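The values are calculated or read from the model by the stated rules, or taken from the named source; none is laboratory data. Since this is a predicted model, take the numbers as computed values, not measurements. Glycine also receives a Cβ, built like all others from the backbone with ideal geometry; neighbour counts cover every protein chain displayed. Ligands, DNA and RNA are stripped out before the accessible areas are found, and what is left, the full protein with its side chains, is counted by its heavy atoms. Shrake-Rupley method; radii C 1.70, N 1.55, O 1.52, S 1.80 Å.
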Amino acid sequence: MKYAPQIKIPATYMRGGTSKGVFFRLQDLPQVAQVPGKARDNLLLRVIGSPDPYGKHTDGMGGATSSTSKTVILSPSEKPDHDVNYLFGQISIDKPFVDWSGNCGNLTAAVGAFAINSGFVEPSRVPENGICTVRIWQANIGKTIVAHVPITSGAVQETGDFELDGVTFPSAEVEIEFMNPADGEGALFPTGNLVDDLEVPGVGVLKATMINAGISTIFVNAEDIGYTGTELQNAINGDNQALAMFEAIRAYGAVTMGLISSAEEAAARQHTPKVAFVAKPQDYIASSGQGVVAADIDLLVRALSMGKLHHAMMGTAAVAIGIAAAIPGTLVNLAAGGGERNSVCFGHPSGSLRVGAEVTAVDGQWAATKAIMSRSARVLMEGWVRVPGTCF
């Protein structure tokens, strides 16, 4: 019997924020996968275990959720004043598809540590004790991200007492700055409006704020689609009719934003845009069983990723929330009480998260200068990942 031996590729399995992913150095990939294309996509699909019609990722490193079917490729940056290039691939669970259209904000928290551990940061810039500033070029969207990574005794500090809702155990705090976070080269509000009337066949006309910040995101009011904003995953992810509605909103919103030319194209662009719904604050019980008090938050936000309600909040969507909240008149800002603000604390299914934002208005046009949030990261396992040599 003929068989194909497995090959092994150096890899690190890391948690970043509320996500997990398989991290690679570009130079460690097989030569054919060091350039974009089918070979690279097929390799990463096999690493994660996709496509999996069973939806379990039993034969791969993925966890069969949008938060755990992720891959990262890092390489030295040729951009001036940058340490590392960060390329993110979101792996479809049930389809042979890798979406390269956006960033993963949660895994960004792990990029700085991986860059330091992999030698992408000049050793002289790593303090014996203190904070190492890592300048990251986010290659998917062409933006700069700055990670402030704690260092103890010359090594990345991973343990600590920083608690992040959606992550079970405390870790060391990593502050992330998303610089000029408007997604891509287009306008912050691609339609030119803070709020649009979005017509969605089969759903109706919805008020929507569509923004390109962190990641392209479509915000609608929870009450307009029959929700309260306190929902957890079980309330939505088992409802096929609800999921179809959200996908329709996402598809027609993407057309309105100019991301695709027809709603049918959305199926080939699963990672972006995101769709989220907002509401004014109220008390609720998070997925951990802990109570979230309305007085402690500014608004409620629930967001979908890869067709399912996210268990917490995507880091890139948190950027969009922070920027939108800082601009008077958006649906996010109105749900938070209106007015001007430079930070917002929002409730999500796992708890709450605070995001800082800096925005400016020039000649009547809004621009996003910076978004700031704290996350954490940890190496879970390192060594080699093995895949059949014929998979690519």
| Pick from Leu299, Leu87, Leu29: which residue has the top mean-square fluctuation in a GNM of the chain where Cα pairs under 10 Å get a spring? | Leu29
| query | When DSSP assigns beta bridges and you keep just the ones with both residues in the chain, what percent turn out antiparallel, to the nearest 5? | reply | 85
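Could you tell me whether the range 251-392 comes out rounded, prolate or oblate from its Cα gyration tensor? Rule is a ≥ b ≥ c as square roots of the eigenvalues, rounded for a/c under 1.5, then prolate if a/b exceeds b/c, otherwise oblate. Could you put the intermediate results ahead of the total?
Numbers: a/c = 1.77, a/b = 1.27, b/c = 1.39.
Oblate.
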| Accessible surface, per residue, of the chain when the full set of protein chains is kept, probe 1.4 Å, Å² | 42
| What is the distance, in nm, between label points placed 7 Å from the Cα along the Cα-to-Cβ direction at Tyr54 and at Thr360? | 5.5
| remark: Whole-Hz Karplus couplings 3J(HN,Hα) for the range 139-156, θ = phi - 60° and coefficients 6.51, -1.76, 1.60, Gly and Pro as x, run 6, 5, 10, x, 10, 9, 10, 10, 10, 9, 9, x, 10, 10, 6, x, 10, 4
| query | Could you give the dipole magnitude of the range 1-156 about its Cα centre, charging the beta-carbon of Lys and Arg +1 and that of Asp and Glu -1, in debye to the nearest 20? | reply | 320
| remark: Sequence order, the range 242-258: Karplus ³J(HN,Hα) from phi using 6.51 cos²θ - 1.76 cosθ + 1.60, θ = phi - 60°, Hz rounded, Gly and Pro as x, gives 5, 5, 5, 4, 5, 5, 5, 4, 4, 5, 6, x, 4, 5, 4, 7, x
| task | Take the solvent-accessible surface of the protein heavy atoms, probe 1.4 Å, and return the percent of it on the range 135-212 that carbon and sulfur atoms account for. | result | 46
| query | Can you list the residues, at least 5 places off or on another chain, whose amide H is less than 5 Å from the amide H of Ser343, using H built in the peptide plane? | reply | Ala357
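With a Förster radius of 25 Å, plug the Cβ-Cβ distance of Ala187 and Thr144 into 1/(1 + (r/R0)^6) and report the FRET value to the nearest 0.05. Could you put the intermediate results ahead of the total?
Numbers: r = 19 Å, r/R0 = 0.76.
For Ala187 and Thr144, the calculated efficiency is 0.85.
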| said: Skipping prolines and chain starts, which residues have an amide H placed within reach, meaning under 5 Å, of the one on Thr369, given they are 5 or more residues away or on another chain? | reply: Glu358, Val359, Thr360
| What is the extension gain from Ala268 to Thr159, computed as 0.36 nm multiplied by their sequence separation minus the C-alpha to C-alpha distance, in nm to one decimal? | 35.4 nm
| task | Run down the lysines and flag those whose C-alpha is under 28 Å from the C-alpha of Lys8, throwing out any fewer than 8 positions away in its chain. | result | Lys20, Lys38, Lys56, Lys70, Lys95
| message | For Lys79, give me every one of the lysines with a C-alpha distance below 21 angstrom, ignoring sequence neighbours fewer than eight places off in its own chain. | response | Lys143, Lys370
| request: Compute the acute angle (0 to 90°) between the alpha-carbon long axis of helix 105-117 and the principal axis of greatest extent of the alpha-carbon atoms of the chain; round to the nearest 10°. | output: 30
| query | Of the chain, which part is the longest with no GluC sites (Glu not before Pro) in a loop (DSSP not H, G, I, E, B) and with at most 12 other C-beta atoms within 10 angstrom? | reply | 186-339
| field | Reach of Lys207 by Cα under 15 Å, taken over aspartates and glutamates that are not fewer than 8 positions away in the same chain | value | Asp196, Asp197, Glu199, Glu223, Asp224
| request: Report ³J(HN,Hα) in whole Hz for each residue of the range 39-55, in order, from the Karplus equation J = 6.51 cos²θ - 1.76 cosθ + 1.60 where θ = phi - 60°; Gly and Pro get x. | output: 4, 4, 4, 5, 4, 5, 4, 5, 4, 6, x, 10, x, 10, x, 7, x
| What 222 nm value per residue comes from the helices of the chain, counting each DSSP H run with n ≥ 4 as -39,500 (n - 2.57) and dividing by all residues, nearest 500 deg cm²/dmol? | -4500 deg cm²/dmol
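If you take every residue apart from Tyr252 with its C-beta less than 15 Å away from the C-beta of Tyr252, what net charge results, scoring Lys and Arg +1 and Asp and Glu -1? Intermediate results must be reported in sequence, preceding the final value.
Details: positive: Lys207, Arg250, Arg269, Lys274; negative: Asp196, Asp197, Glu199, Asp224, Glu247, Glu264, Glu265.
Residues near Tyr252 contribute -3 overall.
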| message | Just to be sure I follow: if Rg is taken over the C-alpha atoms of the chain and Rh is the Kirkwood radius over the same atoms, what is Rg/Rh? | response | 0.96
| request: Describe numerically, in nm with one decimal, the distance between label points set 7 Å from Cα along Cα→Cβ at Arg386 and at Asp94. | output: 3.1
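Once a ≥ b ≥ c are taken as the square roots of the eigenvalues of the Cα gyration tensor of the range 1-75, is the result rounded (a/c under 1.5), prolate (a/b larger than b/c) or oblate (a/b not larger than b/c)?
Working: a/c = 1.84, a/b = 1.11, b/c = 1.66.
Judged from the Cα gyration tensor, the range 1-75 comes out oblate (a/c at least 1.5, b/c at or above a/b).
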| query | Highest GNM mean-square fluctuation, the chain, Cα pairs closer than 10 Å: which of Ala267, Ala242, Ala324? | reply | Ala267
| Roughly how much of Lys95 is accessible, in Å² to the nearest 10, using a 1.4 Å probe? | 90
| request: Round to the nearest 10 and give me the degree value, 0 to 90, for the angle of helix 315-325's Cα axis relative to the longest principal axis of the chain. | output: 30
